[in-house]
Amino acid sequence: MLYNSSVDLYFVDSVLIFLLSEVSNLFFCGIILLLLFYFKTLNLTEVLFWFGGFASIIIMAPFIQDLFPDSGGYLRCVRDLKDNLSFDEIGCQASIAAESESFQFLNFKRSVPAIYYSIIPIPSIATIMSLAFINKIYLLFLYIFLRNRIENNEMKFYLLILFFFPTILLYSTTGLREIFILIVQSFLLITIIERKWLFSTVLIFLLASVKTQNAAVFLILFSGALIFRSDKSFGHLLIFSILFCVTVFTYEKDILDVINYFRIGFLKENYMIPLSGIVIEYESIFSLMINSPVLFLQGIFSPGFGMSGLNLIFFPESILYVALFIWGAKRSNYFSESLNWLVFITGLVGIVLNLIVVDNDSTYLRYRFTFTYLLMFHLLLFMGKKEVKQPSEVGKTLYQL
């Protein structure tokens, strides 16, 4: 490995070490692409796209290394695991994410991703950007996994383009766990759709170990499909929806306690508690449910129009994302099946829940990302298994290169 073990981690300003480390990682990723091309797993268009994606890590590093300070924490845990075959650093060990008189959540948010990162034997984990190459490699295999479930070449091309939208390109050039969460959620979605319940159960627990609230949201899809078979008919979906609402209102106080606990905890962690020390808490589940469509739209278009870096990147992409989703849903008659409604409701709940808990735009956008892209993946999977009107010959030709 190309690093001094006595140094915690290197940054981009250590130019020589950064280039030695990341160019060797880029070469390693290039070999993977060539092997996949040789075995006809990828075509030339895909190889060129993905090599550009790997190279973008080096190109974007000077501009984004300071945007996500959490990246260093994950790298330290990977180094800790490789050096000691265990987690000796306190920050890498399991911790209590939230605790009160009525509930307790354990969190493995760094230890589980560190194990996942350690599986790929990249040449160097010297710099704060090194884990981004592992994220990209896993994302590449997720792309292949999803693409192989799409029969329509035009939709395969759209899937390839989606993997290079600004948000996913940005988050996959860091060492953050959001890519890991997106991958677990994508596999979880597929296993639920294909009714592979043993795998789904394992993935639910894996997701809960790193992102408890996301696992709780996915229980909607999991229980709706497994117990009520809501993916099979609108009648079953209606029964599930009624019983779900009854359950939510029955445990309203407990659910509100958890939401408010996480919200206040987030405000404290980011030093956002008002000077008065008073935080207005949510008091009604009914009010949140009534306002959920508005909150959903607010969450989708967050952070809104503006001239800051976040606004200039994420607001135009939000408009494009919504336009493409509406176009695809209309073209494929997406909402004609109960399964698609169940998936959409799960995504809606995830986006709204994160919006009401997280008050920081930068953090919220990372949390939202894992649900918005999941919805688009599912739409493309659905479209890819159907004959859609007016196929684009350009998309089909480019993909087949």
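The values are calculated or read from the model by the stated rules, or taken from the named source; none is laboratory data. If you're wondering where the values come from, they're calculated on a predicted model, not measured in any experiment. Neighbour counts are summed over all protein chains in view; Cβ atoms, including those assigned to glycine, are modelled from backbone coordinates with ideal geometry.
Of all residues in the stretch 26-70, those that are among the hydrophobic types (A, V, I, L, M, F, W, C), part of a loop (DSSP other than H, G, I, E, B) and either buried (at least 17 other Cβ atoms within 10 Å of the Cβ) or in contact with a Cys (Cβ under 7 Å, 6 or more places away or on another chain) (or both) total 2. Evaluate the following for Gly328: is it among the small types (Gly, Ala, Ser), loosely packed, with under 14 Cβ neighbours inside 10 Å and either in a loop (DSSP other than H, G, I, E, B) or more than 18 Å from the chain's Cα centre (by Cα) (or both)? So Gly328 fails the test.
Would you check which residues across the stretch 125-149 are surrounded by fewer than 20 Cβ atoms within 10 Å (Cβ to Cβ) and over 18 Å from the mean Cα position of the chain (by Cα) and list them? Asn148, Arg149, listed by residue number. Regarding the stretch 133-143, can at least one residue be identified that is among the charged types (D, E, K, R) and either outside any helix (DSSP H, G or I) or within 28 Å of Tyr74 (Cα to Cα) (or both)? Yes, the stretch 133-143 contains a residue that is among the charged types (D, E, K, R) and either outside any helix (DSSP H, G or I) or within 28 Å of Tyr74 (Cα to Cα) (or both). Quick check on the stretch 59-77: of everything there that is under 21 Å from Leu26 (Cα atoms) and touching a Ser or Thr at 6+ places or on another chain (Cβ under 6 Å), which residue is modelled with the lowest pLDDT? Only one residue tops the list, namely Ser71.
Taken together, Ile280, Ile290, Ile285 contain a single residue that is surrounded by 14 or more Cβ atoms within 10 Å (Cβ to Cβ) and over 21 Å from the mean Cα position of the chain (by Cα), which is Ile285. With the condition kept exactly as written, say whether any residue in the stretch 262-274 is under 13 Å from Val352 (Cβ atoms), in contact (Cβ under 8 Å) with a residue 24 or more places away in the chain, among the hydrophobic types (A, V, I, L, M, F, W, C) and surrounded by 11 or more Cβ atoms within 10 Å (Cβ to Cβ). For the stretch 262-274, residues under 13 Å from Val352 (Cβ atoms), in contact (Cβ under 8 Å) with a residue 24 or more places away in the chain, among the hydrophobic types (A, V, I, L, M, F, W, C) and surrounded by 11 or more Cβ atoms within 10 Å (Cβ to Cβ): absent.
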